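Input: a single structure, listed below in structure tokens.
Each value in this text was obtained by applying a stated rule to the coordinates, not by laboratory testing. As the structure is a computational prediction, the values presented were derived from the model and not from experiment. All Cβ positions, even for glycine, are placed from backbone atoms using ideal geometry, and neighbour counts span all protein chains on display.
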Amino acid sequence: MGDLWVKGSPRWLSLKTRIKRCPWCKEKVDEPQSSTCSHCDGELWRDDGQELRDIDLRYQEVEAGQQRRLKDVLIYGSVVVGAITLVLPLLHIGAALVTPLVVIAHMLLLKIYLIRRSQRLLGRTRRFFLRWISRFSFLWIGIPGYGLGSLPLVGVAIGVITFAGLTLLLNSYSLWSLHQEYIRAPLAKWEKLVLAILAVVTVLAIFVLICVTVLLGFSAAWLMDWVQNLS
Ligand SMILES: [Zn+2]
């Protein structure tokens, strides 16, 4: 009888139950329908009948930890970015090499130090949204912001504002996502809209960039021909 039930159950259910792990001890749950874990005796279900997840046990702790780390990131990061943008104008053409490095370092700092623990507790869809909204934010805010950071004097203010703004934006979005996941809310409409608009704008911008490059190449070739015909 048990075999028949397993064979007859939908594929997504068998896939889901196969990878189910106990939120308390992380061991694989052998019998998905049982009320407690066979390894540690921890409860596997909430009183309202919903499955108990990692996030149900760790939400408060992870949220508080991120708020604590945010202060350090903002204070020390702003000082470092201020110092870098102060010397950037002295590097002249070298600034073009340093700017992408600052963008990458900022991205890694947020990903590895600030939001990694929250990101891990999110479901697959929210993790995808957080990852892509972060990438697009760095593309559309980080690169121009740090690029203007190489201007003399005002560059320091623009660089620090870019650093603090991007950090606060992605901190807020990740903590908001964590809370939405915690209360089992579905993905918001504006999240889908924002990600779709950013994706379309990015694809269009890349397309325009390619067209401009090709046109410039053609114009250069045409100009060379014209100059040669003159002589
Ligand atoms: Zn367990």
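If one computes the Cα centroid of segment 72-102 and of segment 112-133, what distance in Å separates the two points?
Centre-to-centre (Cα) distance: 27 Å.
Determine the shape class of the chain: with a ≥ b ≥ c the square roots of the Cα gyration tensor eigenvalues, call it rounded for a/c under 1.5, and otherwise prolate if a/b is greater than b/c, oblate otherwise.
Because a/c hits 1.5 or more and a/b fails to exceed b/c, the chain counts as oblate.
Using a 4.7 Å Cβ cut-off, which Cys residues in the chain lack a partner cysteine?
C211
When the helix-only estimate is applied to the chain (DSSP H runs of n ≥ 4, each -39,500 (n - 2.57), divided by the residue count), what is the mean residue ellipticity at 222 nm, nearest 500 deg cm²/dmol?
-23500 deg cm²/dmol
Over 31 Å between C-alpha atoms is what I'm after, so list which of K26/K189; K111/K192; K28/K111 land there.
Details: K26/K189 33 Å; K111/K192 21 Å; K28/K111 28 Å.
Long pairs (Cα-Cα over 31 Å): K26/K189.
Just to confirm the number: angle between the C-alpha axis of helix 95-108 and the first principal axis of the chain, 0 to 90 degrees, nearest 10?
10 degrees
Relative contact order for the chain: what is it in percent, counting Cα pairs under 8 Å that are at least 6 residues apart?
Computed value for the chain: 18 percent relative contact order.
Sort segment 48-135 into rounded, prolate or oblate with this rule: let a ≥ b ≥ c be the square roots of the eigenvalues of the Cα gyration tensor; rounded if a/c is under 1.5, and if a/c is not under 1.5, prolate when a/b is larger than b/c, oblate otherwise.
It comes out oblate by the Cα gyration axes.
Helix 124-137 against the longest principal axis of the chain: what's the angle in degrees, Cα atoms only, rounded to the nearest 10?
20 degrees
Please state the shape class of segment 59-187: rounded when a/c is under 1.5, otherwise prolate if a/b exceeds b/c and oblate if not, all from the C-alpha gyration tensor.
prolate
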